[in-house]
Amino acid sequence: MIITKVTLEEQAMHVVELAISLIAPHTCVNCGSSEAVLCDECLVGLKDPEISRCVYCNTLTQDNKTCGSCRRTHPLQHIWSTSNYLKAETAIQAYKFGRVRELYKPIASEMAIIIPYSDYDYIVAVPTAPRRIRVRGYDQAELLAKQIAELTNTKALQPLFHSGSKRQLGSRRDARFMQAHQSYQLKRGVDLTNRRILLVDDVVTTGATLSACAQRLKSAGARSVDGLVFARRSRK
C-alpha cells in the first residue's frame, strides 16, 4: 500500500504557482474581478447542494444516501455534492479544460466543508486517463483529493489506476457503466481491509465512474465507500 506523498514535481508546481501569482494576479474565472481565481462572492454563489436523491435512480432519500434498491447493485453508501452543475459549469470548464490549475484550492475547500463525517481512513481520487493528464498538465481529481486530505487531516491514497480506455463524455447511460467498469482497475497488492474510504471526483452524472471505482475498492476489502464531488448534473 502506497500513501501519497509530496513529489518533487508538486513542489516545483507550487513554486511556479507562487511566481505566477506575483507576476500576474489572478482574476475570477466566473465574474472577471481581480480578487482571486474564484472570488468569495462567486464561491458563495456556487453553493447549491441539491435535494437529497439517489444518484442512480433519482429517488428521494435522506442524507444523500443511495436508495435501498440501488444499494443492492451499487456499493456507494452516500454521494455528497457542493453544487449543481449548471451553477458551477464555468468554474468546472475552466478547471478541467481551461488549464486554470489553481482552482483546485477554493473548490477543494468548499468540498471539505460539507463532509459530514471525520472517520475516513483514506481519501481516494477517481483516477484520470493518462492522456488527459498529459494534455491538461495535471490530474484534476487528484489535486482535489490531496487538498481535501490536507484540510481534513486524512491520509490520501491512490490504489486505483485508469486503464486508458476511451472517455465516457457523451456516452449513453448503459454504455457509461460498461466503459467505467473496464476503465478503472485496482493496483496489485492493495489491501483495504475494514477501511472507510471517501472517493473524490469533480462531477457526477450517472454515478458510473464512482460506482466502478467503489466496486474495486470494496473488492480490496474496504468496509465502506462514500462519494464526494464538487458538482452534480441533474437528471430528469
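The values are calculated or read from the model by the stated rules, or taken from the named source; none is laboratory data. From a predicted model like this one, the values you see are computed outputs, not experimental measurements. Note that we place each Cβ from the backbone using ideal geometry, even for glycine, and neighbour counts take in every protein chain shown.
Within region 105-128, the set of residues being assigned to a loop (DSSP other than H, G, I, E, B) and in contact with a strand residue (DSSP E or B) (Cβ under 8 Å, 6 or more places away or on another chain) comprises Ile114, Ile115, Pro116, Tyr117, Asp119, Tyr120, Asp121, Val126, Pro127, Thr128. Filtered by the rule that a residue be out of contact with any helix residue (DSSP H, G or I) (no Cβ under 6 Å at 6 or more places or on another chain), under 11 Å from Leu199 (Cα atoms) and hydrophobic (A, V, I, L, M, F, W, C), region 103-148 gives Val124, Ala141, Ala145. Restricting region 128-151 to residues that are surrounded by 15 or more Cβ atoms within 10 Å (Cβ to Cβ) and at pLDDT below 95 leaves a set whose member that is nearest to the chain's Cα centre (by Cα) is Thr128.
Here is a yes/no grid of residues against (1) in contact with a Lys or Arg (Cβ under 8 Å, 6 or more places away or on another chain); (2) free of Cβ contacts under 8 Å to residues at least 24 places away in the same chain; (3) closer than 25 Å to Tyr95 by Cβ; (4) buried (at least 24 other Cβ atoms within 10 Å of the Cβ):
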{"residue": "Asp191", "(1), (2), (3), (4)": "no, no, no, no"}
{"residue": "Val200", "(1), (2), (3), (4)": "no, no, yes, yes"}
{"residue": "Gly207", "(1), (2), (3), (4)": "no, no, yes, yes"}
{"residue": "Ala214", "(1), (2), (3), (4)": "no, no, yes, yes"}
{"residue": "Lys218", "(1), (2), (3), (4)": "no, no, no, no"}
{"residue": "Ser224", "(1), (2), (3), (4)": "yes, no, no, no"}
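Please work out if Gly164 is among the small types (Gly, Ala, Ser), in contact (Cβ under 8 Å) with a residue 24 or more places away in the chain, within 25 Å of Cys39 (Cβ to Cβ) and assigned to a loop (DSSP other than H, G, I, E, B). In short, no.
Being in contact with a Phe, Trp or Tyr (Cβ under 7 Å, 6 or more places away or on another chain) and in a helix (DSSP H, G or I), is that true of even one residue in region 199-209? Within region 199-209, one or more residues are in contact with a Phe, Trp or Tyr (Cβ under 7 Å, 6 or more places away or on another chain) and in a helix (DSSP H, G or I).
For region 179-236, residues that are on the phi > 0 side of the Ramachandran plot and in contact with a helix residue (DSSP H, G or I) (Cβ under 8 Å, 6 or more places away or on another chain) total 0.
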